[in-house]
1. Starting from the range 110-122, take each residue that is hydroxyl-bearing (Ser, Thr, Tyr) and list its partners that are crowded, with 20+ Cβ neighbours inside 10 Å and not in a loop (DSSP other than H, G, I, E, B), counting only C-beta distances under 6 angstrom and pairs at least six apart or across chains.
2. Do we have any residue at all in the range 19-31 that's at pLDDT 95 or above and more than 13 Å from the chain's Cα centre (by Cα)?
3. Before we move on, is Gly86 in contact (Cβ under 8 Å) with a residue 24 or more places away in the chain, loosely packed, with under 14 Cβ neighbours inside 10 Å and of a type in the set (Gly, Ala, Ser)?
4. If I ask for residues that are surrounded by 15 or more Cβ atoms within 10 Å (Cβ to Cβ) and basic (Lys, Arg), which ones from the range 32-72 would you list?
5. Take the range 54-83 and flag every residue that is among the charged types (D, E, K, R), under 30 Å from His39 (Cα atoms) and modelled with pLDDT of 95 or more.
6. When you check Arg79 against the structure, is it in a helix (DSSP H, G or I), closer than 16 Å to Asn17 by Cα and touching a residue at least 40 places away in the same chain (Cβ under 8 Å), yes or no?
7. Considering every residue within the range 6-13, establish whether at least one is hydrophobic (A, V, I, L, M, F, W, C), closer than 15 Å to Leu107 by Cβ, crowded, with 19+ Cβ neighbours inside 10 Å and within 12 Å of the chain's Cα centre (by Cα).
8. With respect to the numbered conditions (1) modelled with pLDDT of 95 or more; (2) within 14 Å of the chain's Cα centre (by Cα); (3) crowded, with 16+ Cβ neighbours inside 10 Å, which one is the sole condition not fulfilled by Arg99?
Amino acid sequence: MTFEKLTEKEAAAYSANILAFYGDSVYEVMVRERVVKEHQTNAGRLHELAVERVRASYQSEAVNVIEPLLDEREADILRRGRNAGGISVPKSAKPSEYRRATALEALFGYLALCGREERAAELFDAICAALPIESG
């Protein structure tokens with residue numbers, strides 16, 4: 001499925017919550033693809049491995065990994081995501097971790113909307129290299 005890519009300015013005009021809404025699915029697809037390619041196991045175990053990488057605590061740590069790699073606009077999108085209002089934090093997450101996870105998702109949503117899949121993959125690879133998930 002493809003759609004017309006937005007300019008960076010058009011993508012940045014979306015609210016942080018909308019970018020995070022979209023970015024949540026973008027990031028999860030990247031996680032699932034990575035898990036399937038790296039692990040030959042049953043679907044239940046693949047799900048467990050994917051959940052580890054989409055958990056707010058993991059995504060919060062991922063922000064630490066990629067923050068030094070971001071350009072000015074990407075850093076701004078990340079900041080907007082972290083400061084987004086109207087976020088309802090689930091009981092399973094700390095508010096600070098959830099805000100940082102939202103920031104990560106906003107950044108991935110932004111990158112996907114403006115067609116910067118290679119950049120998203122580069123950042124995702126950096127996250128996976130720095131924060132490996134044990135297969136055992």
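The values are calculated or read from the model by the stated rules, or taken from the named source; none is laboratory data. Note that this is a predicted model, so its numbers are computed, not measured. Note: ideal-geometry Cβ built from the backbone for every residue, glycine included; neighbour counts use all protein chains shown.
1. Within 6 Å, the pairs are Tyr110/Ala11; Tyr110/Leu19; Tyr110/Ile77.
2. No; the residues of the range 19-31 include none that is at pLDDT 95 or above and more than 13 Å from the chain's Cα centre (by Cα).
3. Considered against the rule, which asks whether it is in contact (Cβ under 8 Å) with a residue 24 or more places away in the chain, loosely packed, with under 14 Cβ neighbours inside 10 Å and of a type in the set (Gly, Ala, Ser), Gly86 comes out as yes.
4. Arg32, Arg34, Arg53, Arg55
5. Once the filter is applied, which keeps residues that are among the charged types (D, E, K, R), under 30 Å from His39 (Cα atoms) and modelled with pLDDT of 95 or more, the range 54-83 yields Glu61, Glu67.
6. no
7. Taking every residue of the range 6-13 in turn, none turns out to be hydrophobic (A, V, I, L, M, F, W, C), closer than 15 Å to Leu107 by Cβ, crowded, with 19+ Cβ neighbours inside 10 Å and within 12 Å of the chain's Cα centre (by Cα).
8. For Arg99, the failing item is (1).
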